[in-house]
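The values are calculated or read from the model by the stated rules, or taken from the named source; none is laboratory data. Because the structure is predicted, anything quoted here is derived from the model rather than measured. Cβ placement follows ideal geometry from the backbone for every residue including glycine, while neighbour counts extend to all protein chains displayed. Remember, those area values only see protein heavy atoms, side chains included, never the ligands or the DNA or RNA. Shrake-Rupley method; radii C 1.70, N 1.55, O 1.52, S 1.80 Å.
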Amino acid sequence: MYYLEEAIETNPNDELAYLNRAEMYSFDKNYKEAIRNVTTAINLVPDDPDNYITRAQYYYSDEDYQKALDDISTCLSKATEGDGFKNDPLLYEFRAYVYIGLHNYSAARNDVQKAYRLSKDKDLDRRLEALYAIL
């Protein structure tokens with residue numbers, strides 16, 4: 001953590017240093033600080049969809065499902081056809097879990113179905129089938 005603090009002090013516009021510090025905070029389950037650091041990274045580079053997914057994961061871990069959903073939606077709105085987000089089955093699987101946290105089981109089922117259609121991974125397919133069965 002010391003080196004990350006030093007890197008940020010030396011270069012306060014270093015997006016990667018904030019993302020790495022967020023990861024360190026998440027190891028300690030300090031999701032509020034992790035979210036704060038990813039938010040700083042987003043403010044530095046607002047068009048990177050990856051950062052919104054990272055922050056959505058921390059919001060999810062902190063059980064703030066609405067903010068996680070908002071970040072996933074922002075990621076998808078910023079995604080382009082070539083970057084892989086719009087066709088990433090793991091993104092839709094993740095959003096299904098967020099919808100479950102929000103008790104929106106219909107939307108969760110829709111995302112599981114979408115993830116299944118996009119998947120080319122047998123392990124993921126089995127996970128999605130099991131998830132769909134309980135929805």
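Table for the structure above
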| item | result |
| --- | --- |
| Summed side-chain charge close to Asp111 - residues other than Asp111 whose Cβ falls under 9 Å, Lys, Arg +1, Asp, Glu -1 | +2 |
| Nearest-0.05 FRET efficiency for Arg36 and Arg127, computed from C-beta distance (R0 25 Å) | 0.20 |
| Val45 paired with Ala107, simple spin-label distance in nm, labels 7 Å along Cα-to-beta-carbon | 2.8 |
| Chain lengthening between Glu23 and Tyr2 when straightened (0.36 nm per residue, less Cα-Cα) | 6.2 nm |
| Scattering profile of the range 55-134 at q = 0.27 Å⁻¹ [log10 I(q)/I(0), Debye over alpha-carbon scatterers] | -1.29 |
| When the range 1-116 is reduced to its Cα atoms, the Kirkwood hydrodynamic radius in Å | 14.7 |
| Neighbourhood net charge (13 Å Cβ-Cβ; Lys/Arg +1, Asp/Glu -1) for Asp121 | 0 |
| Additional length obtainable on full extension of the chain from Ser61 to Tyr97, 0.36 nm per residue less Cα span | 11.8 nm |
| Relative contact order %, the range 1-77, counting alpha carbon pairs below 8 Å whose residues are six or more apart | 23 |
| Tensor-based shape of the range 1-53 (alpha-carbon gyration tensor, a/c under 1.5 rounded, otherwise prolate or oblate) | oblate |
| Hz values of 3J(HN,Hα) by residue in the range 51-65 - Karplus curve (6.51, -1.76, 1.60), Gly and Pro given as x | 5, 5, 5, 4, 5, 4, 5, 5, 4, 4, 5, 8, 6, 9, 5 |
| Neighbourhood charge, 14 Å Cβ-Cβ cut-off, centred on Tyr2 and excluding it, Lys, Arg +1 and Asp, Glu -1 | -2 |
| Portion, in percent, of the accessible area of the chain that falls on carbon or sulfur, probe 1.4 Å | 49 |
| Ellipticity estimate at 222 nm from DSSP helix runs (n ≥ 4, -39,500 (n - 2.57)) divided over the chain, nearest 500 | -24000 deg cm²/dmol |
| The range 92-135: C-alpha pair distances exceeding 11 Å, % | 57 |
| Ranked packing of 64-70, 99-105, 117-123, 52-58, most packed first, by mean Cβ within 10 Å | 52-58, 64-70, 99-105, 117-123 |
| Average accessible surface area per residue within the chain, 1.4 Å rolling probe, Å² | 58 |
